[in-house]
Amino acid sequence: MSATTSSCGTEGTAARAAADVAAAAAAGEPLRSGRAARWVDLIRRPAAARNTTAIVALLAALWAAGSFVVPVVMSVLLAVLLWPVLAFVRRWLRVRALAALVVTVAATAVTGGMMVAVASQLTVAVERLPDVLHYAARDVSAMAPPGGGRGTWERTKSALEELDRSVARATGTQRGSDTAQRQKSASIVHATVEWISATAVAFAKALANSMLQAGVIILLTFFLLCTGDKLAHGLSVWCDGRPLARGRFSPLVCDTAREMRHFGAVTMIVNLVIAAAAAVVFFAFGVDNAVLWGAVGGALHFIPYAGLAVLMVLALIEVYAAQASLVAALLAMGCIGLIGMCIGSGLAAWLQGKASSVDGAVMFAGTVFFSVLWGGWGLVLGPMLVVALHVVMRHAAAQSAAIAAAEAAARAPVVPVDNAPSIIVSTDLAPDEVVKPEPAAVPIQPPPVLVVPPTSSSPVGPTAAIARAT
């Protein structure tokens, strides 16, 4: 984003803060009282224990009320992103509610289509899982040493068991029979199957809960598109009634919405590029429906980090089933991971640097924080919330700098104008048109200019004669 766009609203905020402090100084009011003192106290208030307690309580409330907060936040974000689309549709549909309904239905259809495509390809991958396991068993069997000898793993296991028996004899610890020990230790395959079953049950429960929340999100988004401008106007009027927020709510909301839309556009471009690159990789390794797999990759990448990991696993399964080669499957998975790092990180960071100044490390840390706070929804909402918090902090920093500059200017030393040197410029004005400043106490500034009528003794022309007054 250009410097002019990124500083939208901050100049007006700085001017208002300077006006508040200057008005207090002109009225002879101390800077530690009145409206100026409120600004100074708000910005420079020390971090007390109660502030830390308030932050911790807020985080606890956000975590406990996640089932309510997540749909509301998601609806607000969708309404902000879809607002330009609503304005475009209203060129043909003058009825606000009808236009909002069309936009909401279209967005729901696109999102539902992406989810159906992902679900169908996941089903295909699950159906090919037995073939993948068969190929994996074949490759693992090929790793056995020739001649029926024991491999490194078997020899290491026997050595560890012998060490365990020796320690038991030396310490007098009772040790069960080898058969009981073998029964206690489950195989890797058995543990993997149990983990997959438990994960599938948890995923089904989370999916059912997400579907209920999705319905709430759709309804809230529709209502916000219908009456969002009135709600924003009401909040602006309410904030204007507060001395510390007067005239500052609207610029903050405008900047936040602009930054979020820019970030949404960058995310869309990056995901489209990833979809094309993933389709090329799947096609190069001989996977059927490579274009559809590429679309699934672009849709999964809307979920930061976790979506890329799922796409890598799907590439491993599909290429393994298509080529029956572990090397080819690992190579395809590595290509997908390389695409995710180069495009999803490099290109996204470059485009986001053009659109906003959010650092990549801050984005990653914020996304992880919100994912810990709200789970899967936090992964989706995290980047947008980081962008919004970045805009708020930028406005707060601009406000703090404006207050500091205004306070420093109000406390500057003053001198009478009569004691300051002046400059006399010869012009063609009449004697009664000469302007003389009134003596007053003002801050130190450039010497005032006094104009006098020309005289016959002026050594140069009427517009260039300048002499220092004594």
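The values are calculated or read from the model by the stated rules, or taken from the named source; none is laboratory data. Model, not experiment: these values are computed from the prediction. Backbone-built Cβ (ideal geometry, glycine too); neighbour counts: all protein chains shown.
State yes or no: is Ala299 among the small types (Gly, Ala, Ser), in a helix (DSSP H, G or I) and either at pLDDT 90 or above or closer than 30 Å to Leu62 by Cβ (or both)?
Yes.
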Among (1) out of contact with any Pro (no Cβ under 9 Å at 6 or more places or on another chain); (2) modelled with pLDDT under 85, which single condition is Arg96 missing?
(2)
Among the numbered criteria (1) crowded, with 17+ Cβ neighbours inside 10 Å; (2) within 27 Å of His301 (Cβ to Cβ), which one does Ala208 miss?
(1)
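Among the listed residues Val362, Val391, Val386, which satisfies the condition of being within 23 Å of Ala65 (Cβ to Cβ) and either part of a helix (DSSP H, G or I) or modelled with pLDDT of 75 or more (or both)? Full working, then the answer.
Working: Val362 fails: within 23 Å of Ala65 (Cβ to Cβ); Val391 fails: within 23 Å of Ala65 (Cβ to Cβ).
One residue alone meets the criteria, Val386.
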Please enumerate the residues belonging to segment 287-296 that are modelled with pLDDT under 90 and either surrounded by fewer than 16 Cβ atoms within 10 Å (Cβ to Cβ) or under 14 Å from Gly344 (Cα atoms) (or both).
Asp288
Based on this model, can you work out whether Thr221 counts as assigned to a helix (DSSP H, G or I), polar (S, T, N, Q) and at pLDDT 90 or above?
yes
Please go through segment 53-101 and give me each residue that is among the hydroxyl-bearing types (Ser, Thr, Tyr) and more than 22 Å from the chain's Cα centre (by Cα), ordered by number.
Thr53
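Rundown of residues vs (1) assigned to a helix (DSSP H, G or I); (2) in contact with an Asp or Glu (Cβ under 7 Å, 6 or more places away or on another chain); (3) crowded, with 22+ Cβ neighbours inside 10 Å, yes/no style:
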site: Phe263; (1), (2), (3): yes, no, yes
site: Ile269; (1), (2), (3): yes, no, no
site: Val281; (1), (2), (3): yes, no, yes
site: Ala321; (1), (2), (3): yes, yes, no
site: Leu331; (1), (2), (3): yes, no, no
site: Ile343; (1), (2), (3): yes, no, no
What are the pairs with Cβ atoms under 6 angstrom where one residue, in segment 321-350, is touching a residue at least 24 places away in the same chain (Cβ under 8 Å) and closer than 24 Å to Val126 by Cα and the other, located anywhere, is surrounded by fewer than 16 Cβ atoms within 10 Å (Cβ to Cβ) and of a type outside the set (D, E, K, R)? Sequence gap at least six, or different chains.
Ala322/Gly286
If you go through Ala119, Ala109, Ala87, Ala65, the only one that is closer than 20 Å to Phe263 by Cα, exposed (fewer than 15 other Cβ atoms within 10 Å of the Cβ) and either of a type in the set (D, E, K, R) or in the same structural domain as Arg261 (by TED's automatic domain parsing) (or both) is Ala87
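Among the candidates Val391, Val380, Val386, Val368, single out the residue that is in contact (Cβ under 8 Å) with a residue 40 or more places away in the chain, under 19 Å from His301 (Cβ atoms), of a type in the set (Val, Ile, Thr) and assigned by TED's automatic domain parsing to the domain that holds Ser210.
On the way: Val391 fails: under 19 Å from His301 (Cβ atoms); Val386 fails: in contact (Cβ under 8 Å) with a residue 40 or more places away in the chain; Val368 fails: in contact (Cβ under 8 Å) with a residue 40 or more places away in the chain.
Sole residue among the options that is in contact (Cβ under 8 Å) with a residue 40 or more places away in the chain, under 19 Å from His301 (Cβ atoms), of a type in the set (Val, Ile, Thr) and assigned by TED's automatic domain parsing to the domain that holds Ser210: Val380.
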